[in-house]
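Enquirer: My questions will all concern the structure given below.
The values are calculated or read from the model by the stated rules, or taken from the named source; none is laboratory data. The structure displayed is predicted, hence computed values, not measured ones. No Cβ is skipped: glycine too gets one built from the backbone with ideal geometry, and neighbour counts run over all protein chains shown.
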Amino acid sequence: MRDGKKFDSVICFGGEDWWYHNRGHYDMQMMREFSRNVPVLYVNSIGMRTPKVTEGKMFFKRVIRKLKSFSRGLKRINDTFSVFSPVTIPSLHNTRLGTWLLCLQVKIAARRVGCKNPLLWIACPPATPLADSLPHTAMVYQRTDRYECFSHVDAEQIRSFDRQAKQQADITVFCSTLLYEEEGSQCRNALFVDHGVDFDIFSKAESAPAPTDIEPIPFPRVGFVGGIDSHTFDLDLFCDVIKRLPAVSFVLVGGCSLPEGWCPYPNVYFLGRKQYTDVAAYMAACDVLIMPWNKGEWIRACNPVKLKEYLAVGKPVVTTWFYELKRYEDDVSIATDADSFAEAIKKAIAKKTDPLPLRARVKDHTWTAKARIVAEALCSGQK
């Protein structure tokens, strides 16, 4: 690694914002694990797109929540984990002024939390240009999704950041089998480490009391936990499934960026965002858990964290197809359209599912085990 030094801390440019996104994401979990041994500075996402007024209410929601994040500045979560919200404007990414301003803010924050010879971890592609200006002993690029396929981004600019990061990073970490297979040869050093799971939290959720806001919802319950967004969620498929199962309660837990009124059916219950530590209880309170993904390129290359969380809870899973399921075809029901999706749900409700084999499938895939793989790869390169 650079200068032969071992890192004594980590600066992570996250792909999400600690203050309003689900904290089960790959980068956040990895940083929690690394913080057991060294100080970690988690830099909230600097963004990949500028919100547009044409988004309506969602525009104001995005702006307000980001301003609230900015107002928090640097916050210590515990003795070894700090979160920083730098003031940044996506339109200034990859400009000299934008890079200088952002680097200055991060350097000051890093100094305050004791980062001297940090590992630089980049999960947000637009942070790549900062690598030349921020001193670091090693660099990890986290390639978990095809961000160039994210809606309303400058796709070519994101691809440029991605190419640059793969060439600069000491290790590029992939959690998607498809991305690893297609892009591993583009990297200086590619490493496949897929998502982990907080196994103890999710496997024990069934024995805990059901959340109070889900208790009045009648059984059978079919649950989805996660972001309800156009680039992932197939709203047409979902609505068609609802029409076929009017006696089933569909419970949606998570933020939604779809237009208001998109799903007016009386057997659908929107419970909104929940704390990461609470989502397992909502999963456990359902009879079936679903992933009604669309057929976009983002989904084709994804490896959703919730797959292992669903299995750890021990509930039957019904999903549309994505590449990563090649390793889990025996553990989930895969549907191709609304008819097969609804039929799979009915069969899962009618059949008593043994949770133990599902939990056993992911028992060894803890976040601690995943972080250890990356740490060992870094240490082997530091000898």
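Enquirer: For region 350-377, enumerate the residues that are farther than 14 Å from Val317 by Cα and of a type in the set (Ser, Thr, Tyr).
Expert: Selection gives Thr366, Thr368.
Enquirer: Return the residue satisfying two criteria in turn: it lies in region 64-92 and is of a type in the set (A, V, I, L, M), in contact (Cβ under 8 Å) with a residue 12 or more places away in the chain and not in a strand (DSSP E or B), and of such residues it is nearest to Glu33 (Cα to Cα).
Expert: Val87
Enquirer: Moving on. Specify the residue that is nearest to Cys175 (Cα to Cα); the eligible residues are those in region 331-353 that are modelled with pLDDT of 95 or more and among the charged types (D, E, K, R).
Expert: Across region 331-353, the extreme among qualifying residues is Asp331.
Enquirer: Take the conditions touching a helix residue (DSSP H, G or I) at 6+ places or on another chain (Cβ under 6 Å), surrounded by fewer than 14 Cβ atoms within 10 Å (Cβ to Cβ) and at pLDDT 85 or above and apply them to Ala155. Does it pass?
Expert: So Ala155 passes the test.
Enquirer: Of everything in region 325-351, what is part of a helix (DSSP H, G or I), under 27 Å from the mean Cα position of the chain (by Cα) and of a type in the set (Val, Ile, Thr)? Give them in sequence order.
Expert: Correct list: Ile345 only.
Enquirer: Hey, another quick one. Give me a count of the residues in region 148-173 that are in contact with a strand residue (DSSP E or B) (Cβ under 6 Å, 6 or more places away or on another chain), charged (D, E, K, R) and under 20 Å from Glu297 (Cβ atoms).
Expert: So the answer is 1.
Enquirer: Quick check, is Ala280 more than 17 Å from Gly254 (Cβ to Cβ), surrounded by 15 or more Cβ atoms within 10 Å (Cβ to Cβ), of a type in the set (Gly, Ala, Ser) and in contact with a helix residue (DSSP H, G or I) (Cβ under 7 Å, 6 or more places away or on another chain)?
Expert: Spelling it out, it is not the case that Ala280 is more than 17 Å from Gly254 (Cβ to Cβ), surrounded by 15 or more Cβ atoms within 10 Å (Cβ to Cβ), of a type in the set (Gly, Ala, Ser) and in contact with a helix residue (DSSP H, G or I) (Cβ under 7 Å, 6 or more places away or on another chain).
Enquirer: Of the conditions (1) under 20 Å from the mean Cα position of the chain (by Cα); (2) part of a helix (DSSP H, G or I); (3) crowded, with 22+ Cβ neighbours inside 10 Å, Leu130 fails just one. Which one is it?
Expert: Among (1) under 20 Å from the mean Cα position of the chain (by Cα); (2) part of a helix (DSSP H, G or I); (3) crowded, with 22+ Cβ neighbours inside 10 Å, the lone unmet condition for Leu130 is (1).
Enquirer: Right, next: Any chance you could count how many residues in region 236-271 are surrounded by fewer than 16 Cβ atoms within 10 Å (Cβ to Cβ), out of contact with any helix residue (DSSP H, G or I) (no Cβ under 9 Å at 6 or more places or on another chain) and modelled with pLDDT of 95 or more?
Expert: Residues in region 236-271 being surrounded by fewer than 16 Cβ atoms within 10 Å (Cβ to Cβ), out of contact with any helix residue (DSSP H, G or I) (no Cβ under 9 Å at 6 or more places or on another chain) and modelled with pLDDT of 95 or more: 4 in total.
Enquirer: While we're here: From Ile373, Ile349, Ile334, which residue is farther than 22 Å from Phe250 by Cα and aliphatic (A, V, I, L, M)?
Expert: Ile373 is the lone residue from the list that is farther than 22 Å from Phe250 by Cα and aliphatic (A, V, I, L, M).
Enquirer: Looking only at region 348-362, count how many residues are surrounded by 13 or more Cβ atoms within 10 Å (Cβ to Cβ) and among the basic types (Lys, Arg).
Expert: So the answer is 2.
Enquirer: How do the pairs read when you match residues in region 168-188 that are outside the structural domain of Tyr328 (by TED's automatic domain parsing) with residues anywhere that are of a type in the set (Phe, Trp, Tyr) and part of a helix (DSSP H, G or I), using Cβ under 7 Å and keeping only pairs 6 or more apart or on different chains?
Expert: Phe174/Tyr180; Cys175/Tyr26; Thr177/Tyr323; Leu178/Tyr323
Enquirer: Kindly list, by first and then second residue, each pair from a residue in region 244-271 that is assigned by TED's automatic domain parsing to the domain that holds Lys306 and at positive phi to a residue that is assigned to a loop (DSSP other than H, G, I, E, B) and surrounded by fewer than 17 Cβ atoms within 10 Å (Cβ to Cβ), limited to pairs with Cβ atoms under 9 Å and residues at least 6 apart or on different chains.
Expert: Gly254/Gly227; Gly254/Arg273
Enquirer: Could you tell me which residue of region 67-96 is modelled with the lowest pLDDT, considering only residues that are closer than 15 Å to Asp17 by Cα and hydroxyl-bearing (Ser, Thr, Tyr)?
Expert: Applying the filter and picking the extreme gives Ser69.
Matching residues to (1) of a type in the set (A, V, I, L, M, F, W, C); (2) not assigned by TED's automatic domain parsing to the domain that holds Asp229:
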| position | (1), (2) |
| --- | --- |
| Val288 | yes, no |
| Trp293 | yes, no |
| Gly296 | no, no |
| Leu311 | yes, no |
| Ala335 | yes, no |
| Ala348 | yes, no |
| Ala371 | yes, yes |
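Enquirer: To continue, here is another question. With respect to the numbered conditions (1) aliphatic (A, V, I, L, M); (2) under 24 Å from the mean Cα position of the chain (by Cα); (3) surrounded by fewer than 20 Cβ atoms within 10 Å (Cβ to Cβ), which one is the sole condition not fulfilled by Ala371?
Expert: (3)
Enquirer: When residues of region 240-294 are filtered for being among the charged types (D, E, K, R), more than 19 Å from the chain's Cα centre (by Cα) and either within 25 Å of Val197 (Cα to Cα) or assigned to a loop (DSSP other than H, G, I, E, B) (or both), how many remain?
Expert: 2
Enquirer: Residues of region 286-344 being of a type in the set (A, V, I, L, M), out of contact with any strand residue (DSSP E or B) (no Cβ under 9 Å at 6 or more places or on another chain) and surrounded by fewer than 18 Cβ atoms within 10 Å (Cβ to Cβ), which ones?
Expert: none
Enquirer: Could you tell me whether region 107-116 includes any residue that is over 23 Å from Lys66 (Cα atoms) and in a strand (DSSP E or B)?
Expert: No, the conditions are met nowhere in region 107-116.
Enquirer: Sticking with this structure for a sec: Please note which strands (runs of 3 or more DSSP E) are completely contained in region 135-197 and include at least 2 residues that are of a type in the set (Val, Ile, Thr).
Expert: Because the criterion is at least 2 residues that are of a type in the set (Val, Ile, Thr), the strands (runs of 3 or more DSSP E) in region 135-197 that meet it are 171-174.
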